[in-house]
Amino acid sequence: MNETNNWAEALRTRNLKATTNRVGVLQTIEEFDKAIPHSKIQDRLQKVDRVTLYRTLNSLIESGMIHKVSVENDEIFYAICSQKCTTEEHNHQHVHFKCTNCNEVSCVQSNSIETLNLPGYKIESFEIQAKGICSNCS
Ligand SMILES: [Zn+2]
Ligand SMILES: [Zn+2]
Ligand SMILES: [Zn+2]
């Protein structure tokens, strides 16, 4: 089974139609390895117009397949979600790390992050941000 089929399958299990655009966006984000800036997704998918790309990204966020990473003020990054994310909630027990040297943004897993519990509040998203020097640069 190739990757296109994997993504198509993952989309269907979340009740989303496996459109070319959705599969294309997911593949583009996955191939980038790190969190990918919005402008780079647009660069790589030039056939997809701005509004369509925006809608495609939003539908993938709402279905728990990708998440926004907002460590940069001027640009939104996107990354693939783990299996734990659902259409109900995003569950990201990882750090969004911005390297101040190479400017890359990564999702970094850490065992020391606990689930946040705020009695009486319903958490829809939860993000931990850190800046510093990444493992490639140090
Ligand atoms: Zn998520
Ligand atoms: Zn770096
Ligand atoms: Zn992340």
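Hand me the chymotrypsin sites (Phe, Trp or Tyr not before Pro) from the range 95-138 located in a DSSP loop with no more than 14 other Cβ atoms within 10 Å, in residue order please.
Passing sites in the range 95-138 are Y121, F126.
Could you give the length gained on full extension between E30 and N6, defined as 0.36 nm per residue of separation minus the Cα-Cα distance, in nm?
On the way: separation 24, 0.36 × 24 = 8.64 nm, distance 1.21 nm.
Between E30 and N6, full extension yields an extra 7.4 nm.
How much length, in nm to one decimal, is gained on full extension between Q109 and T19, taken as 0.36 nm per residue of separation minus their Cα-Cα distance? Intermediate values should be presented prior to the final figure.
On the way: separation 90, 0.36 × 90 = 32.40 nm, distance 3.03 nm.
That pair, Q109 and T19, stretches by 29.4 nm at full extension.
Points 7 angstrom from Cα along the Cβ direction at H38 and S82: gap in nanometres?
In this crude spin-label approximation the distance works out to 2.7 nm.
List the longest stretch of the chain that has no exposed loop site; here a site is one of the trypsin sites (Lys or Arg not before Pro) assigned by DSSP to anything other than H, G, I, E or B, with at most 12 other Cβ within 10 Å. Mind dumping the intermediate values first?
On the way: sites that count: K17, K47, K84, K122.
The longest such stretch corresponds to 85-121.
Excluding residues fewer than 8 places away in the same chain, name every one of the lysines whose C-alpha is closer than 16 Å to that of K34.
Result set, ordered by chain and number: K68, K98, K131.
In the range 1-94, which GluC sites (Glu not before Pro) are in a loop and have at most 11 other Cβ atoms within 10 Å, using DSSP for the loop call? Show your work: numbers first, answer last.
Details: sites: E3, E9, E30, E31, E62, E72, E75, E88, E89; in loops: E72, E75, E88, E89.
Loop-located and lightly packed - E88.
Tell me, in nm to one decimal, what length is gained between F126 and Y54 on full extension, where the rule is 0.36 nm per residue of separation less the Cα-Cα distance? If you can, show how the numbers build up before the last one.
Working: separation 72, 0.36 × 72 = 25.92 nm, distance 2.17 nm.
Working it through step by step, the gained length comes to 23.8 nm.
Using a Förster distance of 25 Å, how high is the FRET efficiency between E75 and S135, based on the Cβ-Cβ distance and rounded to 0.05?
Numbers: r = 22 Å, r/R0 = 0.89.
The calculated FRET efficiency here is 0.65.
Could you tell me the distance between the Cα centroids of the range 78-138 and the range 1-74, to the nearest Å?
18
Let a ≥ b ≥ c be the square roots of the eigenvalues of the Cα gyration tensor of the chain; is it rounded (a/c under 1.5), or, if not, prolate (a/b larger than b/c) or oblate? Each step should come with its number before you reach the end.
Values: a/c = 1.75, a/b = 1.19, b/c = 1.47.
Since a/c reaches 1.5 but b/c is at least a/b, the shape of the chain is classed as oblate.
No lab work stands behind these numbers, since they all come straight from the coordinates. The model shown is predicted, which means the values in this text are computed figures rather than measured ones. FYI the Cβ positions are ideal-geometry reconstructions off the backbone, even for glycines, and counts take in every protein chain you see.
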